[in-house]
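Asks: Dropping the structure in here first, questions after.
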Amino acid sequence: MTQQQGDPRHLETLDRDLARFSYLENATNMVARPMVGTGVSLVFVLLAGLGAMLFFGQANNTLIVVMAACLGAYMALNIGANDVANNMGPAVGANALSMGGAIAIAVIFESAGALIAGGDVVSTIAKGIIAPESMGTAAVFIWAMMAALLAAALWVNLATWVGAPVSTTHSVVGGVMGAGIAAAGFAAVNWPTMGAIAASWVISPVLGGAVAALFLALIKSRIIYREDKIASARVWVPVLVGIMAGTFAAYLALKGLKKILPIDMPTALMIGAAIGVVVWLVMIPVIRKQSEGLENRNKSLKVLFGIPLVVSAALLSFAHGANDVANAVGPLAAIVQASQSGDFTQAVSIPFWVMVIGAFGISFGLFLFGPKLIRMVGGQITKLNPMRAYCVALSAAITVIVASWLGLPVSSTHIAVGAVFGVGFFREWDAERRIKNARLAMPDRTQYAPEERRRRKLVRRSHFMTIIAAWVITVPAAAVLSAIIFFLISTVMG
């Protein structure tokens, strides 16, 4: 060893150089991660355009359809990054699912829901918001749908980048409305339909919160507050799983099997009831075996709700795929039909390849960009455990299923967040009620719950105001952006 190599100052310099290389490597990794996601997304968008070219053939408007397919793929990626995170967040926040498990379940069931049961809502998005005949020509209608799709995709992308919890459904509805007004005036908008959609935006979070609160009240009264919690859980957990399975079966029969056999609502409900009873009976020995050796305390109950929460997460993913695929492929399906036949006033026929773009785009968006928002939704609004998260997921699934069956493009973000707030506010009310009862029973005691413990039970009000503000601004912002894009397209093409 030379004197220079043995010099402590030389060693310190070497350590500093190695530290710089370490910092450089870490910085490179931090930069490379989003670049990889962006690169994969770009490849998917290009593949969607190539697929559109192959399936659409050598028609006159092939370039338009290719552009629309790229925009539809871009929108689907943003839906996966934003909306799916809202649906899977509760399960991950409750530590019932790992991030990898949640993504795997979401990818499978989102795709299945979009491909099996996504058609009805697509028709509402494409034709129910504006009157196509008011556009005058197929070219004007196509440019309006193109502007709506691009505006919605840009707005959701911007909102996701800044961390704002906006609704993709609001974005696409606002985009379609803004482009329609820019193209043909306010008379082009189907205001009764918009009124119904606006009402559903208010009703859906309230309904989602109410259903979640009712299920949590049921769990608390029948299981948590019982003297023998494990024995009560053996009775009620199979019932809850049966309810969930029956709901899923009825919806699948009504929406999926109707393409093979005509099934009306009473028949679908009978199928759901039968499967719900079978699942209930199957789960009785499963829960009994799971509960063997568990201590009689609330912490033990979390184990028993693992299976229901996983199944409910799958159900919610299926329902979300069926409902929100419309946001990506509704305008795209309308563009394809108008470009292919020149007819833009009749019902939309949805090509299978269009649905595939929506389904795969949602899955890719979740896989590439969803984990950060999943963690935010699962842990930053209110504290969740498996029982509360089960109530959120089941409530949101039921509400989305009903809305999709009715053909209303409700916001899954509103429903999921409304259910989380419903659980949180019920916990506040229940805690206050129990404190008051304790004071009446033991008037000599002046403190029944430490302030810090009570504060942890509260819904975080800062998130409440942020979410409300995001909900209010999305529709007008997307509409204005869409109108501007339409005018630019008209200027360039005119």
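The values are calculated or read from the model by the stated rules, or taken from the named source; none is laboratory data. What you see is a predicted model; the values in this text were computed from it and never measured. Note that we place each Cβ from the backbone using ideal geometry, even for glycine, and neighbour counts take in every protein chain shown. Side chains are part of the model used for accessible areas, which takes the heavy atoms of the whole protein and leaves out ligands, DNA and RNA. Shrake-Rupley method; radii C 1.70, N 1.55, O 1.52, S 1.80 Å.
Asks: How much accessible area per residue does the range 159-268 have, in Å², with a 1.4 Å probe? Present the calculation step by step, with values, prior to reporting the outcome.
Replies: Working: 4490 Å² over 110 residues.
Accessible surface, normalised per residue, equals 41 Å².
Asks: Moving to a separate point now. Tally up the carbon and sulfur contribution to the accessible surface of the range 153-296 as a whole percent, 1.4 Å probe, everything protein left in place.
Replies: The computed percentage sits at 73.
Asks: Leaving out ligands and nucleic acids, and using a 1.4 Å probe, what accessible area per residue does the range 271-352 come to in Å²?
Replies: Numbers: 3370 Å² over 82 residues.
On a per-residue basis, the range 271-352 sits at 41 Å².
Asks: Hey, which of these cross-link pairs are over 21 Å Cα-Cα: Lys220/Lys299; Lys289/Lys383; Lys299/Lys436; Lys302/Lys372? Mind dumping the intermediate values first?
Replies: Details: Lys220/Lys299 13 Å; Lys289/Lys383 29 Å; Lys299/Lys436 25 Å; Lys302/Lys372 24 Å.
Lys289/Lys383; Lys299/Lys436; Lys302/Lys372, as the Cα separations exceed 21 Å there.
Asks: Which whole-Hz ³J(HN,Hα) couplings does the range 216-223 yield from phi under the Karplus relation 6.51 cos²θ - 1.76 cosθ + 1.60, θ = phi - 60°, glycine and proline marked x?
Replies: Once θ is set to phi - 60°, the couplings for the range 216-223 become 5, 4, 4, 5, 5, 6, 9, 10 Hz.
Asks: Short version: ³J(HN,Hα) in whole Hz for each residue of the range 180-194, in order, from phi by Karplus 6.51 cos²θ - 1.76 cosθ + 1.60 (θ = phi - 60°), x for Gly and Pro, what are they?
Replies: x, 5, 5, 7, 9, x, 5, 5, 6, 7, 7, 5, x, 5, 4
Asks: With label points built 7 Å along Cα→Cβ from the Cα atoms of Val239 and Val277, find their separation and express it in nm.
Replies: Inter-label distance under the simple model: 1.7 nm.
Asks: If packing is taken as the average count of other Cβ atoms within 10 Å, what order do 82-91, 235-244 fall into, highest mean first?
Replies: Working: 82-91: 30.2, 235-244: 20.9.
Peptide ranking by packing, descending: 82-91, 235-244.
Asks: Order these peptides, 64-72, 480-488, by their mean beta-carbon neighbour count within 10 angstrom, highest first.
Replies: Numbers: 64-72: 24.0, 480-488: 20.6.
Per-residue mean Cβ counts within 10 Å order the peptides as 64-72, 480-488.
Asks: Here's something else I'd like to know. Working with all protein chains in place, sort Glu292, Glu428 by solvent-accessible area computed with a 1.4 Å probe, largest first.
Replies: Glu292, Glu428
Asks: What length, rounded to one decimal in nm, is gained on full extension from Phe464 through to Trp191, with 0.36 nm per residue of separation minus their alpha-carbon distance? Mind showing how you got there, number by number?
Replies: Numbers: separation 273, 0.36 × 273 = 98.28 nm, distance 2.88 nm.
Here the answer is 95.4 nm.
Asks: If I model a spin label at Ala104 and Leu269 as a point 7 Å from the Cα along the Cα→Cβ vector, what separation in nanometres do I get?
Replies: The two pseudo-label positions are separated by 3.8 nm.
Asks: For labels at Ser490 and Phe55 in the simple 7 Å Cα→Cβ model, what's the distance in nm?
Replies: About 3.1 nm, to one decimal.
Asks: Can you work out the Karplus-derived ³J(HN,Hα) for every residue in the range 104-115? Use 6.51 cos²θ - 1.76 cosθ + 1.60 with θ = phi - 60°, whole Hz, and x for glycine or proline.
Replies: 4, 4, 5, 4, 5, 7, 4, 5, 5, x, 5, 7
Asks: Hey, another quick one. I need the peptides 137-149, 179-191, 269-281, 310-322 ranked by packing, meaning the mean over residues of other C-beta atoms within 10 angstrom, with the highest value on top. Let's see the in-between values first.
Replies: Working: 137-149: 25.2, 179-191: 19.6, 269-281: 16.1, 310-322: 27.9.
Per-residue mean Cβ counts within 10 Å order the peptides as 310-322, 137-149, 179-191, 269-281.
Asks: Now for a separate question. Would you please give the residues with an amide H less than 5 Å from that of Ile130, counting only those at least 5 places away or on a separate chain, with H modeled from the backbone geometry?
Replies: Asn190
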